[in-house]
1. Taking the residues in region B:222-237 that are surrounded by fewer than 16 Cβ atoms within 10 Å (Cβ to Cβ) and assigned to a loop (DSSP other than H, G, I, E, B) as candidates, determine which candidate is farthest from the other protein chains (Cβ to nearest Cβ).
2. Which one of the conditions (1) touching a helix residue (DSSP H, G or I) at 6+ places or on another chain (Cβ under 6 Å); (2) closer than 20 Å to A:Ile151 by Cβ; (3) at pLDDT 95 or above does A:Phe35 fail to meet, given that it meets all the rest?
3. Specify which of the listed residues (B:Ser281, B:Ser274, B:Ser337) is in contact with a Ser or Thr (Cβ under 6 Å, 6 or more places away or on another chain) and surrounded by fewer than 18 Cβ atoms within 10 Å (Cβ to Cβ).
4. Here are some residues: B:Val77, B:Val29, B:Val96. Which one is among the β-branched types (Val, Ile, Thr) and at pLDDT 95 or above?
5. Tell me which residues, restricted to region B:1-55, are under 15 Å from the mean Cα position of the chain (by Cα), farther than 13 Å from B:Met71 by Cβ and part of a helix (DSSP H, G or I).
6. Which ranges mark the helices (runs of 4 or more DSSP H) fully within region A:226-294 that have 2 or more residues being open to solvent by 40 Å² or more (accessible area, probe 1.4 Å) and within 14 Å of chain B (Cβ to nearest Cβ)?
7. Kindly list, by first and then second residue, each pair from a residue in region A:52-69 that is within 12 Å of A:Cys102 (Cβ to Cβ) to a residue that is surrounded by fewer than 17 Cβ atoms within 10 Å (Cβ to Cβ), limited to pairs with Cβ atoms under 7 Å and residues at least 6 apart or on different chains.
8. If a residue must be of a type in the set (S, T, N, Q), part of a loop (DSSP other than H, G, I, E, B) and surrounded by fewer than 18 Cβ atoms within 10 Å (Cβ to Cβ), how many such residues does region B:173-208 contain?
Amino acid sequence: MKPIDSETKHTWNVYQKDIANDNFYYARSCIRQNFFPASEHMFLHILRNVLGKHVYDDPNHTTCTGIGYHSDIVPFETIQTVVARHFSLMTEAGLENIAISCVTSFGIYTEILDTWHHFPEQLEQTREFLYKATKREFNLPKTIAHTSDIIYKFRHEIAEKSTYSLVNIETGNPLQAVEHIGCHYAKMFPNKGIGGAEFPQVLSGMIQAWGGNVVDYPERRHCCGFGFRNYLVQANRGYSISNTQKKLESMKPYNPDFILTNCPGCAMFIDKWQYTISEMEGKTYDAHGYGIPVLTYEELAGLVLGINPWDLGLQIHQIQSDRLLQKIGIPYDSTMKYTDSKGNALPKPNVPTYILQ
Amino acid sequence: MIDVIIIGAGIAGIDTACNLHDAGYDVLVLEKEKSMGGNVQHWSTLFPSKRNAHEVISYYTEQVRKRGITMYLNTFVNSIKKQDDGSFEIHTSREVSFKCKSVIIATGYSLFNAQRKEEYGYGIYSHVLTSADLEKHWQKQSAEFVSPTQKPLNKVAFIHCVGSRDEKSGNHYCSKVCCVTAVKQAITLKQQSPHTQVFCFYMDLRMYGPGFEEMYREAQEKWGIQFIRGRLSEVAEHIDGSLQLKAEDTLSARPFKISVDMLVLMVGMESQKSTAMFAESCNITCASNRFIQPLDHHLQPNATNVEGLFTAGACIGPLSVFDTLNHSKSATLAVTSYLK
């Protein structure tokens, strides 16, 4: 087991991209607010209040229709027009740097921009469709970044303002982390991702900047199994869970303290399928039966910045992060875990058969 | 004015220089490296006879010495300019320019940088080597290859066509010698370490030369080397340092995984970057594979579109050692005919 960056840095440095320094138009995800309710709020909090950046969170922004597109329900012409409308909203706001919260959306935006680059007639057709439907016009963005790119860009500034580092307070050793990058982040367009498709640095760079150690594992690049048709069609869900199981089996020998992801589907499935596998086979993937916590990058950034774990929504995850918090030395109040913002008690979830809480 | 300036002191350049000298011409050889011999000087053995490559270099070194041929090492050619009188002026890193009646480009090839196929893990995982690394190891010590972690090599895989016939790498062409080099290296490995299981992942096996097919047969029948028609998709490292390969068996059309202790990437040939510089400075036509385009593949294989400027060896495309030497001999005839 060796640190990931020591010998691969030269490869990662080949792939870099322009990420704006300020003034972002925020394109929200349609599913992240349900799966990880505090993550998008935390991105805005970190950018605006910790780093002092301007981010416009537009209430008129809609879904990109990516799930429909990847399910063959939404035609390409339609999704191009929807994305064009988002660019129109961005243009109207006087902004030119788009920050995209969802990896699927990020893949769609990059695919569409690449299509328009190679097939300008598609761009003209989309302009015509959008104008006929809404009387709107638009400029293309100057920079396009996934929000994990932006957190990566400011990882050292976040480290400077951090309260905690990713170090086990009992042993003094860096926490062992594995990361999982959403397939649509860079596998389609490697030059649009930091570090490219094979050795992406976007998440490992954050972990290292905040004191942790990233471990390589054989199935690091393997898809989590989200895969749209794998889960949309119930009969196919065996494909989904078998992909996640393959990854979990592969990372288990390294005893990771947590998993960091940048894709809504990946974070959700790697977390929830741990419960399903445990109920099916009585198996868990950490040495003590608790499962491996799965975090979003905003949640991890929030933790090192000292934000209350329950305000980060960690209690909403299937695999609970209590042991991770103990390792980092983050104090928490168990009695406040399932309360709303006013302190009123919320219903407690059922306890799994095998995964310890 | 010098009769012929030869750019490159690999085997093609030296062979041509010796032959032109014997024909009575005044020749000068310019070499950018600190020693003569080109790529062959880094090779251990040559197929199919497995003769020591050093013998070939020693032979040519002696031929140059006996003839007293002038050779400037550490000399980088910056540009070639054709003059109005048909002669050439060559500008070099030596701050002096040379004038000559004819030029032979014998700049050979460079090896594909395997780090560009980053999914294969070269430069990242210590057990991933290239065919050139293996030759260098055997050149220095003929003993059994020992893995970097000192563990026994139970399974070793050779991957053909790394940077060849690969649109993603920008190299659509075949490098010609990698198939038989893999067979040669696999046999050598088995000879040194009979207990090792050896796998060759190939796209097509192009055993075109004399003795090649026989070596391929020997590899299977005598040494039990397994040839799998399959493409490698990615390499990853297990916690014990062994390598996980994900590949597709393209005969059975099934994906599969295999763990090996060492991976050897058969790197292909690319046009030298310096060749592109010459080409640009003198308006020489290059083919789509970036190697120099012969004026006529069949009738004038050494001539270029620039009259008086010829090629010898692998600057026109991937060639084996004996193909290179044949090409250099025909270069001698072409230049002799031109200068008469």
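The values are calculated or read from the model by the stated rules, or taken from the named source; none is laboratory data. Here the structure is a predicted model, which means the values were calculated and not measured. Cβ: placed from backbone, ideal geometry, glycine included. Neighbour counts: every protein chain shown. Side chains are part of the model used for accessible areas, which takes the heavy atoms of the whole protein and leaves out ligands, DNA and RNA. Shrake-Rupley method; radii C 1.70, N 1.55, O 1.52, S 1.80 Å.
1. Step by step, filter region B:222-237, then rank; the result is B:Lys222.
2. Tallying (1) touching a helix residue (DSSP H, G or I) at 6+ places or on another chain (Cβ under 6 Å); (2) closer than 20 Å to A:Ile151 by Cβ; (3) at pLDDT 95 or above, A:Phe35 fails exactly one: (3).
3. On the way: B:Ser274 fails: surrounded by fewer than 18 Cβ atoms within 10 Å (Cβ to Cβ); B:Ser337 fails: in contact with a Ser or Thr (Cβ under 6 Å, 6 or more places away or on another chain).
Going through B:Ser281, B:Ser274, B:Ser337 in turn, the sole match is B:Ser281.
4. B:Val29 is the lone residue from the list that is among the β-branched types (Val, Ile, Thr) and at pLDDT 95 or above.
5. Within region B:1-55, B:Ile11, B:Ala12, B:Asn39, B:Val40, B:Gln41, B:His42, B:Ala53 meet the criteria.
6. Passing ranges, in order: A:237-251.
7. These pairs meet every condition: A:Thr65/A:Thr78.
8. Taking region B:173-208 first, the residues of a type in the set (S, T, N, Q) are B:175, B:181, B:185, B:188, B:191-193, B:196-197.
Now narrow it down to the ones that are part of a loop (DSSP other than H, G, I, E, B): B:175, B:193, B:196.
Narrowing the set further to residues that are surrounded by fewer than 18 Cβ atoms within 10 Å (Cβ to Cβ) leaves B:193.
Selection size over region B:173-208: 1.
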